[in-house]
Number of protein chains: 2
Amino acid sequence: MTILTKISSNKMFGGVQNVFAHDSKELGCSMKFAIFIPQECGYSKVPVIYWLSGLECNETNCIQKSGIQRYAAEYGIVIVCPDTSPRGLNLPGEKDSWDFGEGAGFYVDATETPWNKNYRMYSYVTSELIDVINANFPVIPGKQSIMGHSMGGHGALICALKNPNLYRSVSAFAPICNPSQGAWGKKALEGYLGAENKGLWPQWDATELVKSYSGPPIELFIDQGAADPFLTQLLPENLIDACKDTQIPAILQMREGYDHSYYYIATFIGKHVAYHAEYLCN
Amino acid sequence: MTILTKISSNKMFGGVQNVFAHDSKELGCSMKFAIFIPQECGYSKVPVIYWLSGLECNETNCIQKSGIQRYAAEYGIVIVCPDTSPRGLNLPGEKDSWDFGEGAGFYVDATETPWNKNYRMYSYVTSELIDVINANFPVIPGKQSIMGHSMGGHGALICALKNPNLYRSVSAFAPICNPSQGAWGKKALEGYLGAENKGLWPQWDATELVKSYSGPPIELFIDQGAADPFLTQLLPENLIDACKDTQIPAILQMREGYDHSYYYIATFIGKHVAYHAEYLCN
């Protein structure tokens with residue numbers, strides 16, 4: 001039985017925006033997650049969307065800056081936003097970089113020491129967190145989708161591609177689509193999996209996962225600002241090319257003039273919630 | 001001629017969310033303000049709403065957390081959010097309190113030393129800032145309204161009550177309605193105006209201004225969370241009683257279960273923009 005500690009609770013759009021902490025077995029530390037519970041949950045179970053945040057973020061960025069709750073309230077969907085890494089472990093080097101270690105778990109299960117014991121964000125997101133949510137909140141088990149931003153967009157894509165039946169739908173804002181080929185991704189995969197273990201990398205790289213995908217039909221909805229200064233890190237074209245080759249349906253929605261920020265996300269997050277609602281609410 | 005320095009610029013809801021800095025004559029320091037410019041400004045001038053933030057806030061809180069841009073884009077209205085005090089003056093005691101000095105200008109013109117030279121947020125907001133906006137952005141001079149939160153709600157109310165023809169409409173979230181009677185207000189008025197100068201206080205207190213109001217009809221739209229932990233500081237009932245006595249029309253919209261946070265503001269800010277649009281866009 002997981003014990004949840006309520007960190008904060010604020011009424012919003014008729015529902016409630018909560019933040020909880022719990023002791024994570026996968027990560028070996030206390031973890032926070034935010035959960036928006038719409039008014040409907042007072043009388044029925046509802047679907048849930050998991051949101052994975054980007055580098056340097058935690059459980060609060062999405063709930064403070066995206067405006068997602070308005071749309072979640074409209075459709076009657078729970079939104080869960082976990083933190084982006086284990087915290088407070090005091091591993092050597094854990095706080096040295098903004099793009100590695102704390103705040104940058106990269107949604108993989110690390111194999112390299114000293115990270116392999118705790119940096120297991122993939123297993124946390126796809127298993128432990130779902131169990132915690134299903135056991136403690138009025139959600140319909142299995143009626144779940146996943147989305148994210150940047151590093152979290154990468155996370156959403158690999159979680160869905162590696163578990164074809166787990167999520168009803170997947171979408172991503174400005175995801176790191178081919179981490180083996182970009183600086184952020186290389187740093188993370190080298191650190192968590194090993195520079196010399198390149199054979200492990202493809203199973204944590206959306207573009208490589210698409211190339212070897214053999215599951216049931218799955219559509220990838222990629223949203224990308226055309227003025228994003230990090231395009232050379234994100235490489236959406238590599239993912240789209242791989243999808244074309246393997247006939248996996250992919251939507252690449254380029255947004256003229258938009259950048260990588262939450263101002264961009266806030267503009268289009270309603271369209272993403274509506275997209276997931278098609279899969280979750282019918 | 002004011003020189004504006006662009007601090008940031010992000011496309012959002014078809015328009016652009018900018019932050020600028022400029023040298024303020026009233027305040028004797030560099031000041032930042034945020035301005036959302038909707039798409040309409042590409043081909044016509046539009047009305048403007050000024051947003052005043054609360055204690056500890058700056059020019060970014062509203063633009064990051066309220067979701068106001070969605071509604072501003074919908075109605076075609078510019079939103080201007082100034083910082084909440086002068087910054088970087090190094091006055092003695094300026095940074096000692098979270099509720100006085102930097103981040104807490106209280107929208108008054110101070111008379112006490114050492115504040116009286118720079119802490120002139122009232123004149124900045126009602127005069128200098130309007131001139132800067134009118135001279136540099138595609139707004140319709142005079143088609144302007146004002147709103148704010150907490151200390152900024154107090155600011156919006158006194159700016160409107162002291163200048164009956166300046167704003168087309170005024171609204172406030174959880175405003176400090178009667179600062180002479182609450183701890184935050186007393187600290188600010190004592191510090192900026194003098195504990196012994198109580199004769200000056202009523203001209204900076206919305207409830208007192210209502211009692212002596214003799215201008216043209218003006219409606220006050222007050223929004224208040226019923227679960228706000230600071231209700232005994234805010235005292236909306238004092239303002240409403242004064243409005244009844246003087247037959248000034250006031251709307252007090254109590255929101256059951258809502259607190260003092262931006263989660264509350266985000267829920268209802270669309271209704272406030274719609275309210276102001278009735279005065280600005282017809």
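The values are calculated or read from the model by the stated rules, or taken from the named source; none is laboratory data. Values in this document were obtained by computation on a predicted structure and should not be read as measured data. Reconstructed Cβ throughout: ideal geometry from the backbone, glycine too, with neighbour counts over all protein chains shown. We work out accessible area using only protein heavy atoms, side chains counted, and drop any ligands, DNA or RNA first. Shrake-Rupley method; radii C 1.70, N 1.55, O 1.52, S 1.80 Å.
Looking at the structure I just gave you, is B:Tyr71 among the aromatic types (Phe, Trp, Tyr) and assigned to a loop (DSSP other than H, G, I, E, B)? Full working, then the answer.
Values: among the aromatic types (Phe, Trp, Tyr): yes; assigned to a loop (DSSP other than H, G, I, E, B): no.
It is false that B:Tyr71 is among the aromatic types (Phe, Trp, Tyr) and assigned to a loop (DSSP other than H, G, I, E, B).
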| said: I'd like the full set of residues that are over 11 Å from the mean Cα position of the chain (by Cα), touching a residue at least 60 places away in the same chain (Cβ under 8 Å) and within 15 Å of B:Ile222 (Cα to Cα), limited to the stretch B:166-190. | reply: B:Ser169, B:Ala174, B:Cys177, B:Asn178
| field | Residue satisfying condition, being assigned to a helix (DSSP H, G or I) and open to solvent by 10 Å² or more (accessible area, probe 1.4 Å), within set A:Gly257, A:Gly270, A:Gly215 | value | A:Gly270
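Suppose the filter is among the aromatic types (Phe, Trp, Tyr), at pLDDT 95 or above and over 26 Å from A:Ile49 (Cβ atoms); does A:Trp201 pass it?
Values: among the aromatic types (Phe, Trp, Tyr): yes; at pLDDT 95 or above: yes; over 26 Å from A:Ile49 (Cβ atoms): yes.
Yes, satisfied.
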| said: Of the conditions (1) free of Cβ contacts under 8 Å to residues at least 60 places away in the same chain; (2) buried (at least 21 other Cβ atoms within 10 Å of the Cβ); (3) within 12 Å of chain A (Cβ to nearest Cβ), B:Thr60 satisfies every one except a single condition; which number is it? | reply: (2)
| field | Given (1) within 14 Å of chain B (Cβ to nearest Cβ); (2) open to solvent by less than 40 Å² (accessible area, probe 1.4 Å); (3) touching a strand residue (DSSP E or B) at 6+ places or on another chain (Cβ under 8 Å), number of the condition A:Gly14 does not satisfy | value | (3)
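If a residue counts only when it is touching a His at 6+ places or on another chain (Cβ under 8 Å), which strands (runs of 3 or more DSSP E) contained entirely in the stretch B:1-60 have at least 2 such residues? Step through it out loud before you land on a result.
Working: elements: B:5-12, B:15-24, B:29-37, B:46-52.
Those strands (runs of 3 or more DSSP E) span B:29-37, B:46-52.
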| Long-range neighbours under 6 Å by Cβ, at least six apart or interchain, first residue within 12 Å of A:His149 (Cα to Cα) and within 12 Å of chain B (Cβ to nearest Cβ) within the stretch A:262-276, second in a helix (DSSP H, G or I) and open to solvent by less than 20 Å² (accessible area, probe 1.4 Å) | A:Ile269/A:Ile68
| Which one of A:Phe137, A:Phe100, A:Phe106 is buried (at least 18 other Cβ atoms within 10 Å of the Cβ) and under 26 Å from A:Pro38 (Cα atoms)? | A:Phe137
| said: Return the pair list, or none, for Cβ contacts closer than 7 Å from residues in the stretch B:147-165 that are surrounded by 24 or more Cβ atoms within 10 Å (Cβ to Cβ) to residues that are modelled with pLDDT under 95, at least 6 apart or on different chains. | reply: B:Ala160/B:Ile218
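Based on what the data block shows, is A:Ala206 in contact with a His (Cβ under 7 Å, 6 or more places away or on another chain), open to solvent by less than 30 Å² (accessible area, probe 1.4 Å), more than 14 Å from every other protein chain (Cβ to nearest Cβ) and closer than 28 Å to A:Trp115 by Cβ?
On the way: in contact with a His (Cβ under 7 Å, 6 or more places away or on another chain): yes; open to solvent by less than 30 Å² (accessible area, probe 1.4 Å): yes; more than 14 Å from every other protein chain (Cβ to nearest Cβ): yes; closer than 28 Å to A:Trp115 by Cβ: yes.
In short, yes.
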| field | Search result, residues across the stretch B:17-57 that are away from chain A (no Cβ under 13 Å) and free of Cβ contacts under 8 Å to residues at least 60 places away in the same chain | value | B:Phe20, B:Ala21, B:Asp23, B:Ser30, B:Lys32, B:Glu40, B:Tyr43, B:Glu56
